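I have placed the structure first, in the form of C-alpha cells, so that the comments after it can refer back to it.
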Amino acid sequence: MRIIPGNTKVQIEIFKGVTLWDLLVGAIAGIMLALIVVSTLPFKAVFAVIHIFISILLLARIDKEPTYLYLLHIIRHFGIGRAYNRIDSDEKLYAIKGKDPNEVDLDEIFTKPEPEEEETPVETKAERKERLKREKEEYKQDTKLLKSKKLTKEEEDAIWLKRAKQSQENKNKKKEASKKKSKKKQTWFDMEDLSAFTGIKDGYIEYGSKYYGVPLEITSVEFRFFSEFRRSNTIENGVGSILRSLKADYCANIVKIERPVSYGHHLHLEYTKLDELRASFEAGFISEEELKARIAIVYDRIYELKAYQNQSRVVIPYYYIVLFDSDKKQLDNDVEMAIDSLRQGEIPARRLDDKEIAIFLKYTNDIDFKEEDIENVDPEYYAKWAMPETVEFTPRQTVINGIMTHNFRVVSFPTIVNDAWLASLMTYPSTKVVVKARPMDSGKAINAIDKSLSELRAKVSTAKTDSEAIEASAHLDTLQFLLSSLQGENETLLDVNIYITAYDPLGTNENPKIADLQKGSLRSYISNMKKVVRRFWHEAGFRLNNMEFNQAMSFIGSQVSGYDPMSKDGRGIPSNSVAACYPWVFPHIMDENGIKLGTSESVPVFVDFFTRNSERVNSYMVIVGK
C-alpha cells in the first residue's frame, strides 16, 4: 500500500472559506462600488445593484474554483492563437527526400500554396426558405401515399429511400456551410510556435538551445507475479531511484501512448521457415507430400500476419520515461544510471535512436501513419515530421490532425493506493497519459507542509460539521506522515501533474464543425468518450478537471517536454508513491521467436517454448478445450 498525501499547498483562509485572493477581489469590487455610489452617474443605483450582482458571481465557486479565475481562463483562451498548422506537410517532406539543397528551393516547396478548392454556391435565405417549403409539401404528399393501401412495396421503398437521401443531403449542406463559416473566421499560426521540441539529433530531442531530452522505452514485466520483496525492489530501486535523482530544473515524463504492433519480424521468420523447408526437401529429409502440407500451414500463418500488419492492425499501449537536462554529458550520465537502476529493478529499458525518437514523438499526437514512412524523410526534418499537422483549440475540446480530443488534468487523488495504481487507467483505449514529476526543494517542501499543517489544525478546530472535521483531520494525518518520511527516510517530494488526452473519432464524425476524417482512424470508437473516461477515473478514486477554456495549457502539458505549465497546481507526492504508479502489469505475450497460439483480449499471443531465463526454466505445454 502507498500513501498519496493531501494537498501540500493548502490555501490560507482569512475567514471561513475566504482566501487572500478572494479578499483582494472583494476589496477591488468594494472600491468600485464606492466610486459608483459617490459618482454623479444617472441611474447609479441600478449600476450599483448590477455591480453587486456581478461581484457575487465572480466570488462564487465552480468546481471548487472561484469564478474570477474561470473568467481569466476565458480571456486567455480568446487572447492566444487558437489554430496552428504545419506548413511543411508530410507529403512535402517526402517530396524533397534525397534532393540536393543547392538544386531545390526548399522555401518554395514549404510555402507552396495549396490548390484552391472549387467554390460551391451557398444558398441565400430566400432560396433556403423556398427549398424548405417545397420539401415540406413533398413530405406531406409522401405521407399521404404511405397511408394509401394501393401503394406497392417498391413504391414504399422508393419513398423511404428518397427521404433518407434528402436527410443526408441536408446534413451535408449544413456541414459544408458550417465548415466554410469556420474557415472564414479562422486565423492559422505556424505549428513550430506551438511545438515544444525543435529538433532531433544524435539521440537527443532538442528544445531550442535551452535543454535536451532522451526517451527510454520500457518493456512491461509480469509484475503481478512478483513477490512483495521483488515489487519493493522494482519500485524503490528501479523507478524510485530515477525519480529521487531528478534535478529541479525540468520535469521527468512518464508517457503512455498507443501504437500498432509491427509483425514484420515474425513475417520474416515465417519466410525463413519456407526456405528451410525447401532446403530440407532438396536434401531428401522430407517428402514432397510433407513439403506441401507444411508449406500450406506456414502460408496460413503468413496470410494471418499480413492481415495484422496491414488491414486488422493491433493497437496496444507502449510506455516511456523521458529525462531532460541542459548539459548533454550530464544527461548521458543520468540516462546510463537510469538504465542501470531499471535493470536492477528487473525492468528492461533501452535508449531510442533518432528514427525511433521521431516515430515516438509522432505517436504522441497521431496514430494513422506508417512507421516505414520515416525512410522518406531526411534526418534534418525528423522534428518537423513528428509535429502534428493541425491543432485547433475550442473552449471544451482540442482538434488534433482532424480528430476531436477531450483533455483532462487530475486534480484529486485517492489517499491510499496499491502498487501499479495507474495500471488499469493507463491501458484504457484511445487515450494518452502523461505523468510529469518535478522534485521540490526539501527545505521549501518542509516549510510548505508546516504552513499547511497549521492551516489544517485551524480548520479542524473551527469545523462546523462532522464531515468537514473528518476531511480536514484525514488531510492532516497524511501530511504528518509525509513530513515524517521526508525528515527521517530516503524520500523526495515531487510536484506531480497527470494529463489525459482522450481521442474521440466517433464524436469527430458526429460534429459538423470538424472536417471528415481523411484517413481511417485506428483508435477505438467509443460512445460518449468524455463521460466514459471521467467515470472510469472517478471509480478509481480520482477527480478530473475538464480544462474548459484551458485547452491550450492542457495540450502543452500533455506534450513530451521538461516544462509543465501548471506545475504550481501540482500535487506533492513522495517519489516512491509516484514510482509505484507505473503499470508493469504484462498485457500480452509476444516472444521474439515465438509462434502464434491464439489471442488474449484481441491481442495475438506468440510463445517461444525454447526461451530460457530467470522466469522460464523449463517448457511444458497443455492444451485444454472442448
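The values are calculated or read from the model by the stated rules, or taken from the named source; none is laboratory data. Quick caveat: nothing in here was measured; it's all calculated off a predicted structure. A quick note on method: Cβ atoms are made from the backbone with ideal geometry, for glycine too, and the neighbour counts reach across all protein chains shown. Each accessible area value is taken on the protein alone, full model and side chains, heavy atoms only, with ligands, DNA and RNA left out. Shrake-Rupley method; radii C 1.70, N 1.55, O 1.52, S 1.80 Å.
Within the range 432-445, one or more residues are more than 20 Å from Pro505 (Cβ to Cβ) and among the acidic types (Asp, Glu).
Contact map, the range 603-625: first residue free of Cβ contacts under 8 Å to residues at least 40 places away in the same chain, second residue among the aliphatic types (A, V, I, L, M), Cβ cut-off under 8 Å, separation 6 or more or different chains; pairs are Val605/Ile589; Val605/Met590; Val605/Leu597; Val607/Ile589; Val607/Ile595; Val607/Leu597; Asp608/Ile595; Phe609/Met621.
Within the range 389-404, residues that are closer than 15 Å to Lys432 by Cα and at pLDDT 90 or above reach partners that are open to solvent by 20 Å² or more (accessible area, probe 1.4 Å) and of a type in the set (A, V, I, L, M) with beta carbons closer than 8 Å, at six or more positions or on different chains, in the pairs Ile403/Leu517. Here is the figure for the range 606-623: residues that are within 25 Å of Tyr308 (Cβ to Cβ) and of a type in the set (Val, Ile, Thr) total 3.
The set of residues in the range 538-575 being touching a helix residue (DSSP H, G or I) at 6+ places or on another chain (Cβ under 6 Å) and on the phi > 0 side of the Ramachandran plot consists of Met547, Phe549.
Pairs meeting the criteria (first residue in the range 413-430 and within 16 Å of Ser220 (Cβ to Cβ) and of a type in the set (S, T, N, Q), second residue part of a strand (DSSP E or B) and open to solvent by 20 Å² or more (accessible area, probe 1.4 Å), beta carbons under 9 Å, at least 6 apart or on different chains) are Thr427/Pro317.
Of all residue pairs spaced 6 or more apart or on separate chains, those with beta-carbon atoms under 7 Å, a first member in the range 144-155 that is among the hydrophobic types (A, V, I, L, M, F, W, C) and a second member that is open to solvent by less than 60 Å² (accessible area, probe 1.4 Å) and modelled with pLDDT of 80 or more are Leu145/Ile159; Leu146/Ile159. Of the residues in the range 209-223, at least one is open to solvent by 60 Å² or more (accessible area, probe 1.4 Å) and closer than 20 Å to Ala437 by Cβ. Among the residues of the range 411-456, those that are assigned to a strand (DSSP E or B) and surrounded by fewer than 17 Cβ atoms within 10 Å (Cβ to Cβ) comprise Ser412, Ile416.
Restricting the range 343-369 to residues that are farther than 14 Å from Pro215 by Cα and among the hydrophobic types (A, V, I, L, M, F, W, C) leaves a set whose member that is farthest from the chain's Cα centre (by Cα) is Ile347.
In summary, helices (runs of 4 or more DSSP H) completely within the range 282-386 and bearing 3 or more residues that are open to solvent by 20 Å² or more (accessible area, probe 1.4 Å) and over 30 Å from Ser232 (Cβ atoms) occur at 288-309, 354-363. Being touching a helix residue (DSSP H, G or I) at 6+ places or on another chain (Cβ under 8 Å) and over 30 Å from Ile367 (Cα atoms) is the filter; apply it to the range 244-261 and report the residue that is surrounded by the most Cβ atoms within 10 Å (Cβ to Cβ). Per the stated criteria, the residue is Arg244. Just to be sure before I move on: is Arg230 assigned to a helix (DSSP H, G or I), modelled with pLDDT of 80 or more, within 25 Å of Ala349 (Cα to Cα) and more than 25 Å from the chain's Cα centre (by Cα) in the structure I sent? Taking the combined requirement at face value, the residue satisfies it.
Tell me, yes or no, whether the range 186-206 has at least one residue that is open to solvent by less than 30 Å² (accessible area, probe 1.4 Å), among the hydroxyl-bearing types (Ser, Thr, Tyr), at pLDDT 85 or above and touching a strand residue (DSSP E or B) at 6+ places or on another chain (Cβ under 8 Å). There is at least one residue in the range 186-206 that is open to solvent by less than 30 Å² (accessible area, probe 1.4 Å), among the hydroxyl-bearing types (Ser, Thr, Tyr), at pLDDT 85 or above and touching a strand residue (DSSP E or B) at 6+ places or on another chain (Cβ under 8 Å). Meeting the requirement of 2 or more residues that are at pLDDT below 85 and of a type in the set (Ser, Thr, Tyr), the helices (runs of 4 or more DSSP H) wholly within the range 1-109 are 67-79. Screening the range 526-626 for strands (runs of 3 or more DSSP E) wholly inside it with 1 or more residues that are of a type in the set (Val, Ile, Thr) and loosely packed, with under 12 Cβ neighbours inside 10 Å returns the ranges 595-600. Candidates Ser280, Ser326, Ser341, Ser287: the one that is more than 28 Å from Glu371 (Cβ to Cβ), in contact with a strand residue (DSSP E or B) (Cβ under 7 Å, 6 or more places away or on another chain) and at pLDDT 90 or above is Ser326. Among the residues making up the range 578-626, those that are of a type in the set (Asp, Glu) and under 31 Å from the mean Cα position of the chain (by Cα) are Asp591, Glu592, Glu601.
A single entry from Ala283, Ala338, Ala296, Ala307 fulfils the requirement of being under 21 Å from Ile254 (Cβ atoms) and small (Gly, Ala, Ser): Ala338.
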